[in-house]
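**Q** Submitted below is the structure of interest, expressed as structure tokens.
The values are calculated or read from the model by the stated rules, or taken from the named source; none is laboratory data. What you see is a predicted model, and the numbers here were worked out from it, not measured in a lab. Using ideal geometry, Cβ is built from the backbone for each residue, glycine included, and neighbour counts are taken over all protein chains shown. Side chains are part of the model used for accessible areas, which takes the heavy atoms of the whole protein and leaves out ligands, DNA and RNA. Shrake-Rupley method; radii C 1.70, N 1.55, O 1.52, S 1.80 Å.
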Amino acid sequence: GSILGLSSVPNDWGGENSDIVSNISIDGDSARAAFALKGPGGKRKPWMLYPADMGKRGDQGIRLFNEPADIMVVQHCSGIAESVRHIMEALATSRRKHYMLIDGDNTVRLLRKAGLLVAND
């Protein structure tokens, strides 16, 4: 929550629409973003995020677009399958919203830029 300036992050539970909803700024313009944060899920090795990994029934992408937000963000600690991108793009187009995918490499870049991860980590 510190990158977004949040004092706390809600507890995770299986039926939520998103993990975090926050106000953000993009090139000086205000927007509201809903985040689905997808971690390792107890798996030891990095794994590719597929639609089936998004919620118990694979419907978290759909639920994410139910949030009152302008931008829907899926962040994953490793790779994100093209099928997730296709689903997010279709949902964004049909609902006239925007989306962003942040894979593991870009997560590392963001954490380093925020000073939350040093180069040797």
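**Q** What residue, among those in segment 96-115 that are within 15 Å of Ala81 (Cα to Cα) and in a helix (DSSP H, G or I), is most open to solvent (accessible area, probe 1.4 Å)?
**A** Filtering first and then ranking leaves Asp105.
**Q** Restricting to segment 19-51, count the residues that are in contact (Cβ under 8 Å) with a residue 40 or more places away in the chain, touching an Asp or Glu at 6+ places or on another chain (Cβ under 9 Å) and not aliphatic (A, V, I, L, M).
**A** Total satisfying the criteria: 1.
**Q** Report yes if some residue within segment 63-76 is touching a Leu at 6+ places or on another chain (Cβ under 8 Å) and open to solvent by 70 Å² or more (accessible area, probe 1.4 Å); otherwise report no.
**A** No, because not a single residue in segment 63-76 is touching a Leu at 6+ places or on another chain (Cβ under 8 Å) and open to solvent by 70 Å² or more (accessible area, probe 1.4 Å).
**Q** Check whether at least one residue in segment 53-67 is in contact with a strand residue (DSSP E or B) (Cβ under 8 Å, 6 or more places away or on another chain), at pLDDT 95 or above, more than 17 Å from Val21 (Cβ to Cβ) and not in a strand (DSSP E or B), and report yes or no.
**A** No, segment 53-67 contains no residue that is in contact with a strand residue (DSSP E or B) (Cβ under 8 Å, 6 or more places away or on another chain), at pLDDT 95 or above, more than 17 Å from Val21 (Cβ to Cβ) and not in a strand (DSSP E or B).
**Q** Here is a further query. Within segment 28-52, take every residue that is at pLDDT 90 or above and not in a strand (DSSP E or B) and give me the one that is surrounded by the fewest Cβ atoms within 10 Å (Cβ to Cβ).
**A** Gly28
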